[in-house]
Structures are given as C-alpha cells and as structure tokens.
Ligand SMILES: Nc1ncnc2c1ncn2[C@@H]1O[C@H](COP(=O)(O)OP(=O)(O)OP(=O)(O)O)[C@@H](O)[C@H]1O
Ligand SMILES: [Mg+2]
C-alpha cells in the first residue's frame, strides 16, 4: 500500500538559523488517524505547514497523494484540508458564507447540499446564520474544521484541534474526528495531550526538537509507556505505610492522607484488586480513588533517556 502522505528526510531551517525540522521521515496510510505529539516548539506546526505549502522545506521532500508538495503544490494542496492552530476568521461574516467562500477558493462549484451536510456533522447548522463573532471559541474551532472540509479533502490536518477547548467539547471534537475517519478522510493532528492521542489516534509520532523520536501504533506505545497511578484518599491520615502494604509499591503523601500506587496500564495484572482487598482487611476507610495516566512529559523524559543510553 502506498502512503497518502510521504515525508522523506525533510529539514527546515528558518531564516535566523533555527533548525525547526531535522531529517523527518514519515509515511501515513490512507484512512488512518495519526497524532503528532510534542511539546511547545517541537516543530509540529512547521511540519504541517511544510506539507501544506505554507513553509518551504530546506531539505528533503514530501508528497501528498503522490504530488510533490513544492513542485506539485496545487495538486497536493487540493487534496488537503487544513485547520490552523490560530483561529483566523472574519468576525462579521456569517458562518455559512465563510464556509461557502472557502469552497470557492479551491475553485469548486457551489454545493449547498454538501455545505449543509458538513455544518450538520459539526453541529453548526443551527448557527449557520450567526456571525462569527457571536460564536464561542469551541464553535469557532468547528467553523475552521467546516472550512477545511468544504472542498472535500482526502487528507485533513488538524493543528491543536482542542487547545483551549473544555473537556466536554473536547470529547465532541474527538467524535467529530472519528466520524470524519469513517467518511474515509486521513487525519493528521497535533496535540500536547497524551489522552487525546490515546483517545483517537491509530498511530502516534512523538516529535521533539524537530526530530521524530518514534512512530508507533498507539496500542504498542501505550503498553510500553503507559503507567498509571492510582491515588487513594484516606478518611483518616496514616503515620506510615502499613506493613501489610509492604509488598506493594505504594507511597504515602507527606500529610499522610493519600496513598499512591503506580502500575502498568497495559499489564495483565495491575494488582489493584489485591491492593484494595488488603486495604479493606487493614480496616482503612477510603474517601476517594482516582487514576492518572503518566503525562506526555514523563513519557518524553523516558524516551530521551532511552535515546541517550
Ligand atoms: N516563521 C518562523 N521563523 C523563525 N522561527 C520559527 C518560525 N516559526 C516557527 N519557528 C520556530 O521553530 C520552532 C518550531 O515551531 P513550531 O511552531 O513548528 O512548533 P510547534 O511544535 O507547533 O509548537 P506549539 O506546540 O507551541 O504549537 C520553534 O522554535 C519556533 O520558534
Ligand atoms: Mg504549533
């Protein structure tokens, strides 16, 4: 199977000498969702911009649908929908006109049925005659997606689709992305959030300081990296970890009110059942329990350490 997006040894050095991308190679198959995960300044937007013809690569090359993104810019760009990181919309324009206009920019014939379908899919149909400035931030982000989709791209780039979006809307957005995939669109999204990559991506590429550190199926990465921490808040504080819990790798918070237990999220046996049984046998009353996933930062630290070994 040939890749719909093929990045070959791409480098980008900005005027001023900053190397934003170094020797980046990445193949993306049609129909997959890939998340580019990386901290601020990693080069995510630069990579997307290079693929969309907004930034000229300094070295290497890339194709989208077989068209070179520089030499065959128009053909490559016609296949791409881009949802930029920054919200840039005309405040006084009506939602539906903004989307129609974007389609026109690609030289496509008017297609009201398609525009309606896209606006409905993004829950914007009721807002179609609202002016952009009357929309919330999350709605504006969905308008950006509608604009990116209205020329029927086969590849959609979403640059930080859920930055500044609340938890509930973030889930809605994930659903939108999943629905888009079902319609056959290949999706490349950037994010800082490991939960986001975990929720929707098939593969995860970790990028840091302009280099791709790894590209792996999500399941493999989560199994390898995914540690979770179970935090148990106690009704009454403890002075020390009870001896009965010595077999578990638990730590007590400084105030004695919480126990933390770290385990492999992908492991067959997490040890949670046994831990909770032991706590009950010890007569410890629990106020609350919560789990947290290891953060991207921790995963990074792990990756970078690994690379240094
Ligand atoms: N037009 C530009 N001129 C010079 N340097 C730039 C330009 N655009 C980006 N950079 C630099 O290139 C590096 C990568 O930036 P980029 O925007 O690609 O990162 P990012 O991974 O998208 O970060 P974020 O998560 O903050 O959006 C940064 O150090 C940035 O300062
Ligand atoms: Mg960016």
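What to note about this one:
- Volume per residue of the C-alpha convex hull in the chain, rounded to whole Å³: 183
- Relative intensity of the range 1-76 on a log10 scale, I(q)/I(0) at q = 0.13, 0.15, 0.22 Å⁻¹, equals -0.36, -0.48, -1.01, per a Debye sum over C-alpha point scatterers of equal strength in the absence of solvent.
- With contacts taken as Cα pairs under 8 Å and at least 6 residues apart, the range 163-277 reaches a relative contact order of 18 percent.
- Beta bridges per DSSP with both ends in the chain, % antiparallel, nearest 5: 65
- Put simply, when 48-60, 164-176 are sorted by average Cβ atoms within 10 angstrom per residue, most first, you get 48-60, 164-176.
- Every helix of 4 or more DSSP H residues in the chain counts as -39500 (n - 2.57), and over all residues that averages to -10000 deg cm²/dmol at 222 nm.
- Folded to 0 to 90 degrees: helix 167-182 orientation relative to the chain principal axis, Cα: 60
- Counting only alpha carbon atoms, the long axis of helix 137-149 and the longest principal axis of the chain meet at about 50°.
- Centre-to-centre, using Cα atoms only, the range 1-55 and the range 61-96 are separated by 14 Å.
- Of interest is the spacing of the C-alpha centroids, which for the range 178-248 and the range 125-172 amounts to 25 Å.
- Average Cα contact separation per residue, the range 3-223, under 8 Å, 6 or more apart, as relative contact order %: 29
- Principal semi-axes of the equivalent ellipsoid, √(5λ) from the alpha carbon gyration tensor of the range 227-293, are 19, 13, 11 Å from largest down.
- Rounded tilt (10° steps) of 296-308 against the dominant C-alpha axis of the chain: 90
- Computed over the range 189-231, Kirkwood Rh from alpha-carbon pairs, angstrom: 11.1
Each value in this text was obtained by applying a stated rule to the coordinates, not by laboratory testing. For clarity, every value in this text was computed on a predicted model and none was experimentally measured. Glycine gets a Cβ as well: all are built from the backbone with ideal geometry, and neighbour counts include every protein chain shown.
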